[in-house]
Structures are given as structure tokens and as C-alpha cells.
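Below is one structure, written out as C-alpha cells, with a few remarks after it.
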Amino acid sequence: MTYQFDFSFIYEYRAMLAHGIAYTVYLTLVGGTVGTLIGTVGAICRTWDIKPFAGLYQCYVELFRNTPFLVQLFLIFFGLPSLGIRMSEGQAAILAIILNVGAYSTEIIRAGLQATPKGQIEAAQSLAFTRWQIFFYVMLRPALRKVWPALSSQIVISMLGSAVCSQISAEELTFVANFIQSRNFRAFETYFLTTAIYFAMAFLIRQSLNLIGRYAIVRRPLP
């Protein structure tokens, strides 16, 4: 029996698909931005061994890097209400992505900081730079230049991983695709389209991050 492809449903569900795409991008932007900020603070604490935060960050990083994202999401959404902490599907999804990105970006940025040549730090000290000036201008900026591709990849991975949030009914792209498939029963067409959309979003986000890195980090002159 010859299968008849039918993509006519796209027009009927265009608004839902647009909502799913927008919500996925929203999760990625918020999760990636806040998670990277958390990772930067964590990298500082661990690089300079700021107590007790260095130890707390180490436990946090090990916990989130060595457990499945789905389990983390379920713990936040289904587990925390047992402790009296309730949140919506969207809030749980954002929190899970932020914490996950924060754990991975902590180690990515820390690796860049630790790669700073000792001679550069000593030269800055000889020029009477303060500790924070040394950190921002001698360590952090060069470190971000080195690890920006890895950070970009981690943000793209978090965007792809956000599909798991459909398991708690967060209305991102995969949730929308599941809903559409349950109505039209065109599984191949629905998930083929979803795959193409994820591929396009990953490509566009990666290119956007490359541009940000090129013009805001790599080529930006130091003050």
C-alpha cells in the first residue's frame, strides 16, 4: 500500500506551531542567559575557592551533571510540591533548564579561567591592577573567547533538551507536535515537520551566538 503524504494540516495548526516555536525560544533565551550568569558566578567561586560557595557549587555541579534532565524536571515539578513548593509547568521548565545550563556552564567557564597563563596575571599585578580588574580584563574576557563555542553548543543542547518539558505539559514545540498528531494521526508528517523546525532553530541560534561572540566578545576592544 502506497502511503499518501499530507502536510495540509500545517496551515490549520499554524498558530499553535508558532506558539510552540516562540515558547521554545523563550525557554532557551531565559534558561541560557540566566544559566550562564549562574555558571559565571560558580566559575569564580570554584576558581578562587571562595568558601563556602565553592563547595556548594561543586555539589550542585556534580548533582546536575550526573543525573538525567528528565529526572531533574520531575523532581522540580512533582517532587517540590511535597515540600510545599508549587509552580506552574512553565516555571518548572524554566527553572530546570536554568539549573541544568548553570551546572554545565560553570565547568565550561572554569576551564577557560584556569587556562589563563600565570604570566599574564603576574603582569597585571605588577601594573597595580585590582583583583577584580585582573579577573574581568585578564581572566574572564580571554576565557570567554576561548570557551564561547562550547557555551554556544551547550545553549543549543538546552534548546533541544527542552523537548523533554512536554512531559509536564509545558507548551513548547514537542508538546504542540504531540497534540497535533493526536488530532490528525499523521505521525510521520507531524514529527518530520517538528524535526525540520528544531534543526532550523538550532542552526539559527548557533549562528546568532557565533555573531554575538564574534562582535561582542572576540573583537570588542578592552577598555
Among rounded, prolate and oblate, which fits the range 69-168 when a ≥ b ≥ c are the square roots of the eigenvalues of its C-alpha gyration tensor, a/c under 1.5 means rounded, and a/b larger than b/c means prolate? prolate
I want to make sure I understand the PRE zone here: with the label point 7 angstrom from the Cα of residue 137 toward its beta carbon, which residues in the range 27-71 have backbone N atoms less than 19 Å away? none
Computed ³J(HN,Hα) along the range 164-178: with the Karplus parameters 6.51/-1.76/1.60, θ = phi - 60°, integer Hz and x for glycine or proline, the list is 5, 5, 5, 5, 10, 6, 5, 7, 8, 4, 5, 4, 5, 4, 4
Over all directions, the average projected area of the alpha-carbon convex hull for the range 11-218 comes to how many nm²? 13.6 nm²
Per-residue HN-Hα couplings for the range 15-26 [Karplus 6.51, -1.76, 1.60; θ = phi - 60°; Hz; x = Gly/Pro]: 5, 5, 4, 4, 5, x, 5, 4, 5, 5, 5, 4
Show me, for the range 119-125, the HN-Hα J-couplings you get by feeding each phi into the Karplus relation (A = 6.51, B = -1.76, C = 1.60, θ = phi - 60°), rounded to Hz, glycine and proline as x. x, 5, 5, 5, 5, 5, 5
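Within 10 Å of each residue's Cβ, count the other Cβ atoms and sort 61, 41 from fewest upward.
Arranged by neighbour count, lowest to highest, 61, 41 become 41, 61.
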Compute the projected area of the convex hull of the Cα atoms of the range 25-109, averaged over all viewing directions, and report it in nm² to one decimal place. 5.6 nm²
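Each value in this text was obtained by applying a stated rule to the coordinates, not by laboratory testing. Model, not experiment: these values are computed from the prediction. Backbone-built Cβ (ideal geometry, glycine too); neighbour counts: all protein chains shown.
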